[in-house]
Amino acid sequence: MSSQAGIGPRGGHESGRPAAVRSWADYRREFPVFERATYLNSCSLGALGTRVRDAVSRFLDLWSAWGAAAWHGPWWEEMEALRASIARLLGASPTDVALHPSITAALSSVAGCFDYRTRSRVVVADIDFPTVAYQWLARRTRGVEVVFVHSPDGLGVPLEEFERAIDERTQLVATSHVYFQSGEVQDIGALARLAHARGAYLLVDAYQSVGQLPVDVRGADVDFLVTGGLKWLLGGPGIAYLYARRDLHPQLHPTTAGWFAHRDQFAFDVTHLEYADDARRLQGGTPSVAALYAGRAGLDYVHEIGPQRIRDRQVELTQALVAGLRDLRLRPRVRAGTQVPAGIVTVPVPHPESAVQALREERTIIDARPGVIRISPYFYNTDEDLEQALAVLRRHLG
Ligand SMILES: Cc1ncc(COP(=O)(O)O)c(C=O)c1O
């Protein structure tokens, strides 16, 4: 493992300074949404923190003051600092990370790297977020075959299902770390072992995990991992992160290419595409600079608190929520007797949209998915937030 400038100890403060331990109430005060609402929908969109707003203001100030000259210095440095920050959170090096505007864009750059003539199959779970499967369904006419492993209960997929589906025709297993409909956490280390034992690669969609629980890409030995700012990393829309294992870099020749993937992008050599040596070869075009600023400021919260401390709090909140829902005689979709799911709890109710609307009228923000409501706490939530949501639900469901 090479030590790269800017990589500090994992879980420390972004600046490298030891942070004084701040209380959950201190952090909550940095999220103005709580002045007017009870926000319980972080798995859709993390709440806006004041640090993120300030960072975007800094971007605007630089744009206003310098125009394109802001690239020569602050904007470029911000991009590299962001790469270092997400790499540190994942246990990787900055050179292992590519930046993208969405998970879809990141997935599609990976999907364009394989020769499907040798191995045509991609294994996806039928409870993964649809955009994962779409990357390879869109390549069906080029000979790619998508094999769906079935979740028997809509909560998770037993490892044996994956084991049955992966064989010598499998190019890649592409599946979630945390399932977006159930919050269930998959053992990605075990999945990597299964995939590698049959000569296949593993890509993990970690959009619903990184931030709310510790993730160590090297420890888990995953080949590719995608995540982004939108949800648990508190950076809002427009920024996604793609990790690619270092020893794979020389073999990766994505079919989606952009000048930010070129080894020497400012040579403007139009006749030769030479990919960057590192994971930047997976990038596309000019990033949304506002999203870079927002992304890094969002990550600052997660570094400062530490993902394990966040996970511990998430376990408390999720357990309290599940117990409260059961007290209302509802049936939260949680597997009995196993590990506490990540901070996503779904509950079947007769008319999910009208329940969401009833809560919204009482300034309580949750979400609906087909047949269920979805409640999603994060470290800035309190037990009172949960009680508020449960009280409205009790009145609404009568
Ligand atoms: C697990 C997961 N993957 C992917 C996505 C979609 O990502 P994008 O819209 O950036 O392609 C979502 C939801 O937003 C998600 O929950």
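The values are calculated or read from the model by the stated rules, or taken from the named source; none is laboratory data. All of these numbers come straight from a predicted model, not from anything done at the bench. All Cβ positions, glycine included, derive from the backbone under ideal geometry; neighbour counts span all protein chains shown. We work out accessible area using only protein heavy atoms, side chains counted, and drop any ligands, DNA or RNA first. Shrake-Rupley method; radii C 1.70, N 1.55, O 1.52, S 1.80 Å.
A few points about this structure:
- Accessible area in square angstrom per residue, the chain, 1.4 angstrom probe: 43
- Classification of region 244-305 by its C-alpha gyration tensor yields an oblate form. The axis ratio a/c (a ≥ b ≥ c) is 1.5 or more, and b/c is at least a/b.
- C-alpha center-to-center spacing [region 333-353, region 41-59] in angstrom: 27
- Shown for the chain are the DSSP H helices of 27 Å or more along their axis, judged by Cα atoms, with a mean Kyte-Doolittle hydropathy of at least -1.0: 307-327.
- Expressed as a whole percent, the accessible area of region 195-264 that falls on carbon and sulfur atoms is 55 (1.4 Å probe).
- Loop GluC sites (Glu not before Pro), region 149-230, which have at most 14 other Cβ atoms in a 10 Å radius of their Cβ (DSSP): 168
- Taking each residue as 0.36 nm, the span from residue 327 to residue 68 lengthens on full extension beyond its C-alpha to C-alpha distance by 87.5 nm.
- Full-stretch length increase - residue 198, residue 134 - with 0.36 nm per residue and alpha-carbon distance subtracted: 20.7 nm
- Gyration tensor verdict on region 190-240 (Cα atoms; rounded if a/c is under 1.5, prolate if a/b is larger than b/c, oblate otherwise): prolate
- Between residue 265 and residue 221, the modelled labels are 3.4 nm apart [label points 7 Å from Cα along Cα→Cβ].
- Carbon/sulfur fraction of accessible area - region 294-386, other protein chains in place, 1.4 Å, %: 47
- Scoring 85-97, 353-365 by mean Cβ neighbours within 10 Å over their residues and listing the highest first yields 85-97, 353-365.
- Of the solvent-accessible surface of region 128-185, computed with a 1.4 Å probe and all protein chains present, 52% belongs to carbon and sulfur.
- Set the Cα radius of gyration of the chain against 2.2 N^0.38 Å, with N its number of residues, and you get 0.99.
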